[in-house]
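Values quoted throughout were computed directly from the atomic coordinates according to the rules given, and no laboratory measurement underlies them. This one's a predicted model, so the numbers in the text were calculated from it and none came from an experiment. Counting neighbours? That spans all protein chains shown, and the Cβs are built from the backbone with ideal geometry, glycine included.
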Amino acid sequence: MKFRIYIDEVGNPDLESSDNPNHRFLSLTGVILELDYVGAVVHPKMEALKAKYFPHHPDEPVVFHRTEMLNALPPFQALKDPDVRRSFDEDLLGLMNEWDYTVISVCIDKKKHKETYTVWRYDPYHYCLAVLLERFVFFLNRAKCHGDAMAESRGGNEDKRLKGAFLRLWEQGTDYVGPEQFQGAFTSKQLKVKTKANNIAGLQLADLLAHPSRNEILNEHGLLDRQIAPFANRVIGILRKKYDQDGGRVFGKKLL
């Protein structure tokens with residue numbers, strides 16, 4: 001068995017934007033899936049859901065993206081109909097609950113981070129990624145399996161940042177997980193980076209789960225400045241069963 005962690009980020013890693021309440025938090029959410037299971041179950045069921053509600057040609061696949069779906073933007077304009085949205089939401093939530101996957105989310109308060117490390121600071125993205133992948137290594141060790149990592153392409157310099165942060169972890173490790181542990185658990189020293197157009201089921205699932213997961217973490221710590229929407233609350237109910245845990249201890253969510 002080989003596992004892949006599909007990573008989605010919410011927010012931006014710029015430490016200088018941390019005083020802006022809208023940019024104070026950065027989170028990374030990783031969805032862990034077994035690769036054969038993706039091919040046999042998740043991808044075909046996700047494609048069947050798309051075909052049911054958003055008819056399209058295979059040459060131009062529909063790719064789930066939370067923001068466009070929320071606002072019923074093309075190709076999701078069918079969701080403007082309240083009955084269609086209600087039916088689609090139930091089907092999507094059913095699959096989110098049914099599928100076999102594990103979630104790890106890490107969120108950083110960049111404002112607190114900046115205030116604490118006045119002389120020397122971790123790069124916020126690298127810090128989040130380090131904690132996320134440490135926990136993925138622990139997951140792989142418990143499962144006695146190997147894995148790799150994939151993130152959505154953001155283009156140019158952003159992709160270089162993603163790949164560079166991953167490579168540094170592979171080569172140097174962290175204070176808690178040595179490089180030999182990273183190299184023993186991962187099958188590649190390269191972070192896979194794919195665009196939306198590739199229609200990767202795992203990345204789409206991570207995109208749909210990332211905002212609710214981030215908001216749950218912030219809400220638990222009294223840091224969320226708005227009410228969580230009803231649909232997101234139902235996603236959070238599913239997430240609580242999907243977060244990585246072992247012996248009753250939850251490793252799947254962390255605020256830095």
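How much FRET efficiency would the formula 1/(1 + (r/R0)^6) give for LYS2 and GLU47, where r is the Cβ-Cβ distance and R0 is 22 Å, rounded to 0.05?
Values: r = 22 Å, r/R0 = 1.00.
After rounding to 0.05, the efficiency reads 0.50.
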Nearest 20 debye, what's the magnitude of the dipole of region 3-112 about its Cα centre given +1 on Lys and Arg Cβ and -1 on Asp and Glu Cβ?
-> 280 debye
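Can you list the chymotrypsin sites (Phe, Trp or Tyr not before Pro) in region 104-161 that are in a DSSP coil and have 15 or fewer other beta carbons within 10 angstrom? Mind dumping the intermediate values first?
Numbers: sites: TYR117, TRP120, TYR122, TYR125, TYR127, PHE136, PHE138, PHE139; in loops: TYR117, TRP120, TYR122.
For chymotrypsin sites (Phe, Trp or Tyr not before Pro) across region 104-161 that sit outside H, G, I, E and B with at most 15 neighbouring Cβ atoms in 10 Å, the list reads TYR117, TRP120, TYR122.
With 25 Å as the limit, write out which pairs from LYS52/LYS196; LYS194/LYS241; LYS110/LYS196; LYS111/LYS254; LYS50/LYS196 have Cα-Cα distances beyond it, or answer none. Mind dumping the intermediate values first?
Values: LYS52/LYS196 21 Å; LYS194/LYS241 28 Å; LYS110/LYS196 28 Å; LYS111/LYS254 16 Å; LYS50/LYS196 15 Å.
Going by Cα-Cα distance, LYS194/LYS241; LYS110/LYS196 fall outside the 25 Å limit.
Would you calculate, for the chain, the mean residue ellipticity at 222 nm contributed by helices, counting each DSSP H stretch of 4 or more residues as -39,500 (n - 2.57) and dividing by all residues, to the nearest 500? Can you show the working numbers first?
Numbers: 9 runs with 117 residues, N = 256.
The per-residue figure over the chain is -14500 deg cm²/dmol.
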Please turn the phi angles of region 146-161 into ³J(HN,Hα) values with the Karplus equation 6.51 cos²θ - 1.76 cosθ + 1.60 (θ = phi - 60°), one per residue in order, whole Hz, x for glycine and proline.
-> 10, x, 9, 9, 9, 10, 6, 5, 10, x, x, 5, 5, 5, 4, 5
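Considering only DSSP beta bridges whose two residues both sit in the chain, what percent are antiparallel, to the nearest 5?
Values: 18 of 32 bridges.
Just about 55 percent of them are antiparallel.
Give me the net charge for the shell around ASP148: Cβ to Cβ below 9 angstrom, other residues only, Lys and Arg +1, Asp and Glu -1. Write down the numbers at each step before the final one.
Values: positive: LYS2, ARG4, LYS192; negative: none.
Local charge sum for ASP148: +3.
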If the chain between ASN141 and LYS80 were fully stretched, how many nm would it gain, using 0.36 nm times the residue separation less the Cα-Cα distance?
-> 17.4 nm
Between the helical axis of 82-98 and the dominant principal axis of the chain, each derived from Cα atoms, what acute angle in degrees is found, rounded to the nearest 10?
-> 50 degrees
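Summing Lys, Arg as +1 and Asp, Glu as -1, what charge do residues with Cβ under 12 Å from the Cβ of VAL63 carry, VAL63 excluded? Could you put the intermediate results ahead of the total?
Values: positive: LYS50, ARG66, LYS194, LYS196; negative: GLU47, GLU60, GLU68, GLU152, ASP207.
Overall, the nearby charge balance is -1.
So what is the relative contact order of the chain, in percent, for Cα pairs below 8 Å that sit 6 or more residues apart?
Working: 359 pairs, mean separation 76.0, N = 256.
That works out to 30 percent.
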Per-residue ³J(HN,Hα) for region 5-20, Karplus 6.51 cos²θ - 1.76 cosθ + 1.60, θ = phi - 60°, Hz, x for Gly and Pro = 9, 9, 10, 10, 10, 10, x, 10, x, 5, 5, 6, 8, 5, 7, 7
Put +1 on the Cβ of each Lys and Arg and -1 on the Cβ of each Asp and Glu in region 2-255; which of SER18, LEU93, GLY178 then has its Cα farthest toward the positive end of the dipole?
-> GLY178
Tilt, helix 201-220 to longest principal axis of the chain (alpha-carbon atoms), in degrees rounded to tens, equals 70 degrees
Rounded to the nearest 10 degrees, the helix 124-143 long axis (Cα) sits at an angle to the longest Cα principal axis of the chain of 80 degrees
Charge dipole (debye, nearest 20) of the chain; +1 at Cβ of Lys and Arg, -1 at Cβ of Asp and Glu | 320 debye
Would you work out which of ALA72, GLY156, PHE166 lies farthest towards the positive end of the dipole of the chain, given +1 charges on the beta-carbon of Lys and Arg and -1 on that of Asp and Glu, about the Cα centre?
-> PHE166
Any residue on another chain or 5+ positions along whose placed amide H is under 5 Å from the amide H of SER153 is listed here as LYS194, THR195, LYS196
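Determine the gain in length on full extension of the stretch HIS65-ASP246; use 0.36 nm per residue of separation and subtract their C-alpha separation, reporting nm with one decimal. Let's see the in-between values first.
Working: separation 181, 0.36 × 181 = 65.16 nm, distance 3.11 nm.
So the chain would gain 62.1 nm between HIS65 and ASP246.
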